[in-house]
Structures are given as C-alpha cells and as structure tokens.
Amino acid sequence: MPLHIETPLIPSRPLSRLTGKDVRLKLEALQPSGSFKLRGIGATCEALARQGKTRFISSSGGNAGIAVAYAGRQLGIPVTVVVPETTTARARELIALEGADIVVHGASWTEANALAESMVDATSAALHPFDNPTTWAGHATMIDEVARAGVVFDSVLLSVGGGGLMSGVVEGLRRNGLGHIPVVAMETFGADSLAQSAAKGERITLDAITSIATSLGAKQVCANAFELTRTHDIRSLVVSDLEAVDACLAFLHDHRVLVEPACGATLAALYRQDPVLAPFQSPLVIVCGGSTATLQQLQDWRAALVAKTA
Ligand SMILES: *Cc1c(COP(=O)(O)O)cnc(C)c1O
C-alpha cells in the first residue's frame, strides 16, 4: 500500500466559467501531508525502509520535510528534520505534529543542509526534496490516476521549484502514452530558476530567492527538469507574488481549499486568463497544495505587497 492517497479529480465550474475552458483540478492539496510531495517522498521512504534504513533525515522546513515526517511516522521509522532559523513557527509546528525531531540550525538552508548531510551514516538516509528518480516515479502516479479515470485533457498546468513535480508529471504522461501533451510551468518572480534557464539555454543559478513562494525557492532546477525544456513541450510562465497570493484567496473562495502561494502561481495563470492558455481547451491543473501558509499569513502578505506596489 502506498503512503499517498488517490486524490479527487474534479471539474472546476468557477474556473471553467471564467476561462471558457473545461478546467479539471487534481487536488493534491488533499494528500494527508498537505501537498503532492507525499507521492514521491512516500515512495522513496518505502524503498529506503526496504533497504533497512532505520532513520530518515530531511533538511526541508517546508512540505518535503512534512512529507518525510508523515512517511516516517506511518512506517515506524524515526525522522530528524534540520531547519534553518528562518523556518516559520507554523512549519515547525506541522513537523512536530508528525512526531519528527526538529533541529534548528543556521541562518539559511545551506547551513541546515550541511548539518543534515553530516548526520547521515550507514543506517540512515537523507531525502532530497526534488532531485531523485524514485521520487519522480512516485509523483508520476498522479497522472496514472487521471489516465485511469479516462479524463481527456490537452495540457497540464503545474508549479516548478526544483523541478521534481514537473519531472514526475512528464514521466507520468510518457508512461501513459501522453508524452505529446504540453506542460505549462509556472513560477514566481524571484524564484524563476526554470524560466531563466529556458530563456538562456543553460541551467542558471539564482543569486537569491526573493519571492514569498518559498516552496518554489530552488536557486537551481535539477538537471532532469532543465533537460525536459529541450525534450518536452514546456511553456514557462512567471507571475508576481501578488498574483500568486490573490489566486490563493480567489481559490479559497471558489473551492474552499487553502493553498500556498507556490500553488497560487499555477492558479494565477487561470485567474489572469493568461494568453499562454489560449491554445488549450481542457487544461489539467495540478493543485499541488502546501500546508505552511495560514489565511492570516496570506492576508498579511497581500497587505504588504499592495503597500509596496502603491
Ligand atoms: C515542493 C513544492 C513545489 C515545487 O515542487 P518541485 O518538485 O520542487 O518543483 C510546488 N508547490 C508546493 C506546494 C510544494 O511543496
């Protein structure tokens, strides 16, 4: 039995009305850990448990760390999550809620990750948040479910951080004979490592992450994600933080589901009726979720972003 659940696949009446298209939502926000990450990380944790690993280590203070903590609890394997001091109280609370040990170390992810890596020994394993083929294969199951449901779609909309989700979705399309279907890859300004790489024709590294969508905050996408910009029909689009936050609030109103700005980036393409969608009539939207933002935080971000642009 996998650790993830089969998520609902529902038509969106509000978004279909708004865009004049047949919009379908794959509700990964409803995974028990709150995001799609459980699919791939759950599969990877299961494989590591079979190999006899007795401790999991993560350096993610976000949805990847929460997914490892959830998987470890389900498998009866202790988990240590090393997070930097910048990790929000909410994220720490969610990791602790899953029973994982939290070690707070360093000013940024780089220091936390270095400590996490130094903790790995023969009996423990570190879980990378996005750069792992077993993890991609786990993410691909979301497309298996859509194909099995017999739902016809002509494009996939998703968010890109380090590119693990996109790697998994393209794997899922290919293994279901749907490798010709274009992917619209959404990012926010300040976390746009894929868009800048695609534009430049080389895998760039951002100097810093300046977007509030920290779950998209990989300074560099994984090599496989960059490779896909050459071998798959990937259409890259970047929105502002304010558009991402507004899309979260609109989606909460329309579908009663609270998601992070990382997911709002995908939803923003629909809410702003972006021309990138013009060629498509039946988009499949990966509602990737994310559990670290509260409604209060979305409202506070919005107020601060509006004040900045005024
Ligand atoms: C991790 C994450 C992403 C980005 O996934 P990658 O595999 O890093 O590209 C998008 N949205 C949410 C909610 C996430 O947790």
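Given a 1.4 Å probe and every protein chain left where it sits, what share in percent of the accessible area of segment 131-223 is carbon and sulfur?
50 percent
How high is the relative contact order of the chain? Use alpha-carbon pairs under 8 Å, at least six apart in sequence, and give a whole percent.
20 percent
Over 29 Å apart: what share of the alpha carbon pairs of the chain falls there, rounded to a whole percent?
30 percent
Given a 1.4 Å probe and heavy atoms of the protein chains only, how would you sort 166, 1, largest accessible area at the top?
I get 1, 166, largest accessible area first.
Restricting things to alpha carbons, tell me how big segment 37-129 is in terms of Rg and Dmax, in Å.
Here Rg and the maximum Cα pair distance are 11.8, 35 Å.
Only Cα pairs under 8 Å and at least 6 apart count here; give the relative contact order of segment 37-129 as a rounded whole percent.
Averaging sequence separation for qualifying contacts and normalising by length gives 34 percent for segment 37-129.
Which net charge results when you count Lys and Arg as +1 and Asp and Glu as -1 among the other residues whose beta-carbon is under 11 Å from that of residue 9?
Counting the neighbours of residue 9, the net charge comes to 0.
So what is the 222 nm mean residue ellipticity for the chain from helices alone, if each DSSP H run of at least 4 adds -39500 (n - 2.57) and you divide by all residues, rounding to the nearest 500 deg cm²/dmol?
Mean residue ellipticity, 222 nm, calculated: -13500 deg cm²/dmol.
Hand me the tally of lysine pairs in the chain: alpha carbons under 29 angstrom apart, and the pair either on different chains or 8 or more positions apart.
Lysine pairs, 8 or more places apart or on different chains, close enough: 8.
Among 102-108, 222-228, what's the highest-first ranking by average C-beta atoms within 10 angstrom per residue?
So the peptides 102-108, 222-228, ranked by packing, come out 222-228, 102-108.
Taking the chain as a Gaussian network, Cα atoms linked when under 10 Å apart, which of 191, 29, 199 shows the biggest mean-square fluctuation?
Largest GNM mean-square fluctuation: 199.
The values are calculated or read from the model by the stated rules, or taken from the named source; none is laboratory data. None of the values given here were measured: they were computed from a predicted structure. Glycine also receives a Cβ, built like all others from the backbone with ideal geometry; neighbour counts cover every protein chain displayed. Only protein heavy atoms, including side chains, enter the accessible area calculation; ligands, DNA and RNA are left aside. Shrake-Rupley method; radii C 1.70, N 1.55, O 1.52, S 1.80 Å.
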